[in-house]
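The values are calculated or read from the model by the stated rules, or taken from the named source; none is laboratory data. This one's a predicted model, so the numbers in the text were calculated from it and none came from an experiment. When we count neighbours, we look across all protein chains shown, and the Cβ atoms used for this are built from the backbone with ideal geometry, even at glycine. Please note that ligands, DNA and RNA were not included when accessible areas were found on the heavy atoms of the full protein model with its side chains. Shrake-Rupley method; radii C 1.70, N 1.55, O 1.52, S 1.80 Å.
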Amino acid sequence: MNRKPKWLMLTLSAGLALSATACGSSNEKENTAASPGASTAPASVAPSASNAPKPELRALSIWQKDDYNTYPVAKVIEEKTGYKVKYDMLPADKSEDKLNLLISSAEPYDAITIGGNKALYADYAKKGALVDLGPLIDKYGPNIKASVSQESFDAVKVDGKIYAIPMRAVEFSSTSLMVRKDWVDKLGMQMPTTIDEFTALLKAFKEKDPGGNGDKNAAMTIKGDTPLIENLVGAFGMPNSWSALDGKLVPRPLHPGFKDYLTYVADLYKQGLLDKEFAVNKDATMKEKFTSGKAGVIALNWADIPTIGDALNKNFPDAKFAYLPILKGKDGKAGLNANSGFDRITFIPKASKNPEEAIKWMNAKLEKDTFREIAIGVEGKHYTLKDGQYTPILPIFTDERNQANNYLTGVDEKNYPIYWQARVQKDARLFEGWSYLNKVMPATMRIADPLGVAPVLPTFSKENAQLNQLTNDFAVKVIVGEEPVASVDTFATKYKSAGGDASYKEVNDWYATAKK
């Protein structure tokens, strides 16, 4: 769109109504005891309000399969907070385009929740489209301040101000290589623990064809948009998009392991051990090849295990599958990416008619007992609690709390990771996969994204998506033989000039201070 967004009109029109309450304390120093996240004493109730009826609020959230307004969690929130809320959701596809349109047209939502896209949120804040939440949280948000850490608030500050309430992600590893364990057993082999052993397993899958696929056999399959394969990249010292190396954070294209990784995977492709069609595989295509018995190894998120398991066992009732161990490469390098950062970010647009009430509503949701009931339900009805372990009661937990995380606007960062584990016990296979990656495997093998809770870094945020796409496109070309591995050095120069150099400097300027 060439039309300019109405950022200034938003600031002048919707912002004036807020200025009387918000701007009065806008000059308070950051990081004082009164700043968001600094308080450690929980408050069970919000400040007393007037007897005036509470306004109906409007909330916009990410897409989910159920209607927000009729899903059981909406009623719980209304009963516990006293606020009636009209929920809308963004579309599943091109949600950012829709959100940009709603923000620029000053649609008066009182709360907007997006995924953890700090770059998008920061852009809105810099253009004057969002309410400064610092003064409002100080005045109306004791539960917010007790629940959300200062580190989390610091990570979403824009020009020193807080324009959003972040929802801290539970740190866990989510994706690794899944293998047909029955094929491994049929061949009398052991699960591989090194890159060399993994290669030998793929060769056995191809040459001995335990699935009986003939020329349709693919030892391993992946998606075309993810040529940097979880678990394998860790064996080359690059478990995350940016990894620590000699006191610096280094992106994969500038990491010495990048060339070695591409050499290895290109050789798998050349030997026919990697699906010849991987470059055009969509997510569904990749999964179909595994569940139809055409591939023996797949890169899979544990959240997909129930769906994959049902489809595989429908076709092959005796099939077994399991995650591979974390593979070790040269010099014992190994590691699996672990999520870090934010699942959701909630902000209040300047067009809101009720910014104070919106903060009071979010604060009420973070009262400890209320938060737990929203997140995982009622003890004895939705879950059981024994020895500190929350276990879901099925099927009611799935029916009434499966979408609960989409209603959260900030989390109790201390307790939510404990409550959250009830969610991964909805299916025994899912829990087994999650547990293997996050409890059975040594904690030292899970490497948290070092940029997960970094502050908003303008240059990095602006350039990161296109640099990642540039990297993925190049990796695919090298793997399929369209580019020689030797061109990695030339690509590094291209990467730097496309914004990589500026991002590297900005990231490491921050990292130098973060290590102190």
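Listing for the model above:
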| quantity | calculated |
| --- | --- |
| Two-site label geometry, A465 and T70: point separation in nm, points 7 Å out along Cα→Cβ | 3.3 nm |
| Positive dipole terminus of the chain, leading residue within A155, L430, F290 (C-beta point charges) | A155 |
| For segment 167-315, size of Cβ-based charge dipole, Lys and Arg +1, Asp and Glu -1, in debye | 200 debye |
| From the coordinates shown, Rg/Rh (Cα atoms, Kirkwood Rh) corresponds to which of [x] 0.99; [y] 1.03; [z] 0.96 | [x] |
| Rounded, prolate or oblate (a/c below 1.5 giving rounded, otherwise prolate when a/b exceeds b/c) for segment 337-482 by Cα gyration tensor | oblate |
| Radius 10 Å from Cβ of D182, net charge of other residues (Lys, Arg +1; Asp, Glu -1) | +2 |
| Per-residue HN-Hα couplings for segment 440-451 [Karplus 6.51, -1.76, 1.60; θ = phi - 60°; Hz; x = Gly/Pro] | 6, 5, x, 4, 5, 7, 9, 10, 5, 4, x, 9 |
| Rounded to 5, the percent of DSSP beta bridges in the chain classed as antiparallel | 65 percent |
| Positive-end residue of T391, G410, N508, charge dipole of segment 380-516 with Cβ unit charges | T391 |
| Options T263, A443, W361, ranked by Cα towards positive dipole end of the chain, top entry (Cβ charges) | W361 |
| 5 angstrom amide H check on S61, placed H, neighbours 5+ away | D88, M89, L90, T113 |
| Solvent-accessible area of D509 with every protein chain in place, 1.4 Å probe, in Å² to the nearest 10 | 80 Å² |
| Average Cα contact separation per residue, the chain, under 8 Å, 6 or more apart, as relative contact order % | 24 percent |
| Rounded percent of accessible protein surface that carbon and sulfur make up, segment 230-282, 1.4 Å probe | 53 percent |
| Accessible area of the chain divided out per residue, in Å², using a probe of 1.4 angstrom | 45 Å² |
| Derived scalar couplings ³J(HN,Hα) [segment 494-506; Karplus, 6.51 cos²θ - 1.76 cosθ + 1.60; whole Hz; x for Gly, Pro] | 5, 4, 4, 6, 7, x, x, 5, 5, 5, 4, 5, 5 |
| Mean separation of Cα contacts under 8 Å (6+ apart) over length of segment 85-172, as relative contact order % | 23 percent |
| Rounded to the nearest 20 debye, dipole of segment 229-350 from Cβ charges on Lys, Arg, Asp, Glu | 200 debye |
| Test item: Cα-centred dipole of the chain, Lys/Arg +1 and Asp/Glu -1 on Cβ, debye | 280 debye |
